[in-house]
Structure formats: structure tokens, C-alpha cells
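This report refers to the structure that appears directly beneath it.
The values are calculated or read from the model by the stated rules, or taken from the named source; none is laboratory data. This one's a predicted model, so the numbers in the text were calculated from it and none came from an experiment. Here the Cβ is made from the backbone with ideal geometry for all residues, glycine too, and neighbour counts use every protein chain on show. Side chains are part of the model used for accessible areas, which takes the heavy atoms of the whole protein and leaves out ligands, DNA and RNA. Shrake-Rupley method; radii C 1.70, N 1.55, O 1.52, S 1.80 Å.
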Amino acid sequence: VKNMGKTKKPPRLGIALIVSGPSGAGKSTVCSELRRIKKDLHFSVSCTTREPRPGEKHGYDYYYITHSEFREKIRKRKFLEYANVHGEFYGTLRSEVFDYVMDGADVLLDIDVQGAMKIRKKAETNKILSVVTEFVFIGPPSFNELERRLRSRNTESETAIQRRLNNAKKELDAWDKYDYLLINKELGKTVDDLYHLLDILHKSTKRLKDSGFYIQI
Ligand code: ADP
Ligand code: 5GP
């Protein structure tokens, strides 16, 4: 028999790694770092109606669109999920996820708890979503530290900070609905943990495309 005893890399679906947690926990910082060191990872760029922060880029951090463009995308069923978060609209484009995972590429999503739970619900009746999605909660070391980080970012008004802190109380309660919990204390360690988590998730058999002989005996 040819190739006896050899293994070959099997065709598989990609992973949709969904990262969420309260505002200020460090999700976007962690995701940017991971994107920087793992170039084969596709970041799902969401649409939002909020204004860009200094340094943010259209098409890299978000697609910044108007309310009417956002409504049009809802009507055309372009979103896998969307939500009103802290008073603005945010939505995940189906194309940012499915076009990649179907091709075997991994996708990283930074979305809020409501959005993650909507995808989790959909996965109950969607076979592809059920095998590709993995849910990671990123929490702060303490509530005080969350507040300190939100303020240190210096990007929101006092009203917006208060709104985000209020939402955080509810969002923190959702950690047990996730598959993995990472407390973002030391940035490098959190990024390292996510990197290794992806490696381990690659060993899962659930995303293999068929059950042919991968190990020939
Ligand atoms: P999120 O995307 O969850 O709202 P950000 O990534 O914007 O949060 O982080 C909020 C603030 O906390 C930023 O100023 C960021 O630099 C800082 N930060 C992120 N991770 C850490 C960490 N592990 N230790 C200290 N500060 C952090
Ligand atoms: P920010 O305005 O700080 O960038 O993001 C605010 C919140 O919106 C964060 O919790 C972020 O994870 C979330 N978010 C970003 N994109 C999406 C999305 O496409 N869908 C949902 N539901 N939330 C999102």
C-alpha cells in the first residue's frame, strides 16, 4: 500500500473564535496583538454606526457606516447577528465568517455578550455554526481595574463611561455561558493563552470535513 504509515493533513473547517466580555476588559487590545503575531488568522471586521476613535481604520477595526446603510444591510440579511451596544449599532457580516471558515481559515470575532449569545442560539440549529464556533470570555482582574482601564483609554465621555460600567455589571454575569474563561491580567499571558488555545482547538476532530482514513495502517 502506498503511503503506508504516513499521515496527511486532513481538510477541515476553520474555527470561529468568538471573544467577548465587558467594555474595558481589553478585548480589542488582545485581538490586535493576536492579529499581529498570527497573520493567517482572519479578523471579522464588524459594521458599526459609531464614530472612529483616533487611530482606528475603516476596514481594519470596523466598517464605519451610517444608520441608513446599516438598516439596508439588515434588510438584505447581510448580518449573522447585530445588536445595539451602548447606544450604537454593531453587526457581524455573514461574509466575514462563512467565506473563511468554509475554506479552512480561522476567524477571530470581537463582539459583545448579546451578539455572542445570538450566535450560540443559532448554532443550536445550524450544523456548520455548531462545529466552527468556540466562545471565549475575557474578564478583567477586578471591577476597579475595569473602570481604571476604561478611563485610561481616554476615548469616551463620562456619560459613556458610566453607561459602559453599568452594562459591564450584567455582562460580567454571563461568563458561565462561555466555553473558556480568560482573566486578562497580564496582556502577554492572555495573548499567549489565546494563541495556544487555537493550537489545541486545531486538534479537535469535530471540524474534519470527512471521516476518510487520515492515518493509514
Ligand atoms: P475592550 O476592547 O475590551 O473595550 P480595550 O482593548 O480597549 O478594551 O482596553 C481598554 C484599556 O485597557 C486600553 O487602554 C488598553 O490599553 C488597556 N489594557 C488592555 N489590556 C490590558 C492589560 N492586560 N493590562 C493593563 N491594561 C490593559
Ligand atoms: P467598541 O465601541 O468599544 O469598539 O465596542 C463596543 C462593544 O461592541 C464591544 O463589546 C465589542 O465587542 C462589541 N462589538 C463589536 N463588534 C460587534 C458586532 O459585530 N456585534 C456585536 N453584537 N457586538 C460587537
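Inside the stretch 100-122, can you point out the residues that are under 14 Å from Tyr90 (Cα atoms), assigned to a helix (DSSP H, G or I) and either open to solvent by 50 Å² or more (accessible area, probe 1.4 Å) or charged (D, E, K, R) (or both)?
Listed by number, the residues that qualify are Gln114, Lys118.
Are there any pairs, at least 6 apart or on different chains, whose C-beta atoms fall under 7 Å, with the first in the stretch 18-32 and at positive phi and the second within 7 Å of ligand 2 (Cβ to nearest atom), and if so, which?
Going by the 7 Å Cβ cut-off, the qualifying pairs are Gly21/Lys27.
Can you give me the number of residues within the stretch 37-60 that are touching a strand residue (DSSP E or B) at 6+ places or on another chain (Cβ under 9 Å) and in a loop (DSSP other than H, G, I, E, B)?
Here the count works out to 10.
Testing Arg153 on (1) more than 13 Å from ligand 2 (Cβ to nearest atom); (2) at pLDDT below 95, one condition comes back false. Which one is that?
Looking at each condition in turn, Arg153 falls short on (1).
In the stretch 25-44, how many residues are open to solvent by 10 Å² or more (accessible area, probe 1.4 Å) and within 14 Å of ligand 1 (Cβ to nearest atom)?
9
Test Lys57 against the stated conditions and say whether it is at pLDDT 95 or above, of a type outside the set (A, V, I, L, M, F, W, C), open to solvent by 30 Å² or more (accessible area, probe 1.4 Å) and within 16 Å of ligand 1 (Cβ to nearest atom).
Judged against the criteria, Lys57 is a match.
Could you list, in sequence order, the residues of the stretch 101-116 that are near ligand 2 (Cβ under 6 Å from one of its atoms) and either of a type in the set (S, T, N, Q) or in contact with a Leu (Cβ under 7 Å, 6 or more places away or on another chain) (or both)?
Gln114
Restricting the first residue to the stretch 194-208 and requiring it to be touching a residue at least 40 places away in the same chain (Cβ under 8 Å), which pairs with a second residue that is open to solvent by less than 90 Å² (accessible area, probe 1.4 Å) and assigned to a helix (DSSP H, G or I) meet a Cβ separation below 8 Å and a spacing of at least six or different chains?
Leu194/Val30; Leu194/Leu34; Tyr195/Leu34; Tyr195/Ile37; Lys206/Val131; Arg207/Val131; Arg207/Val132
From the residues in the stretch 78-90 that are open to solvent by 20 Å² or more (accessible area, probe 1.4 Å) and within 16 Å of ligand 1 (Cβ to nearest atom), which one is farthest from Lys38 (Cα to Cα)?
It comes out as Gly87.
From the list Leu194, Leu201, pick out the single residue that is under 24 Å from Ile37 (Cα atoms) and more than 16 Å from ligand 2 (Cβ to nearest atom).
Working: Leu194 fails: more than 16 Å from ligand 2 (Cβ to nearest atom).
Every option except Leu201 fails the conditions.
If the requirement is being within 15 Å of ligand 2 (Cβ to nearest atom) and over 15 Å from Ile18 (Cα atoms), which of these qualifies: Phe70, Phe143, Phe135?
Phe70
What is the number of the single condition among (1) at pLDDT below 95; (2) open to solvent by 60 Å² or more (accessible area, probe 1.4 Å); (3) of a type in the set (Lys, Arg) that Lys189 does not meet?
Unmet condition: (1).
Just give me the residues in the stretch 130-161 being part of a helix (DSSP H, G or I), within 15 Å of ligand 1 (Cβ to nearest atom) and open to solvent by 50 Å² or more (accessible area, probe 1.4 Å), in sequence order.
Of everything in the stretch 130-161, those that are part of a helix (DSSP H, G or I), within 15 Å of ligand 1 (Cβ to nearest atom) and open to solvent by 50 Å² or more (accessible area, probe 1.4 Å) turn out to be Phe143, Asn144, Glu147, Arg148, Arg151, Ser152, Arg153.
Can you tell me which of Leu93, Leu109 is within 16 Å of ligand 1 (Cβ to nearest atom), among the aliphatic types (A, V, I, L, M) and on the phi < 0 side of the Ramachandran plot?
None of the other options fit; the residue is Leu109.
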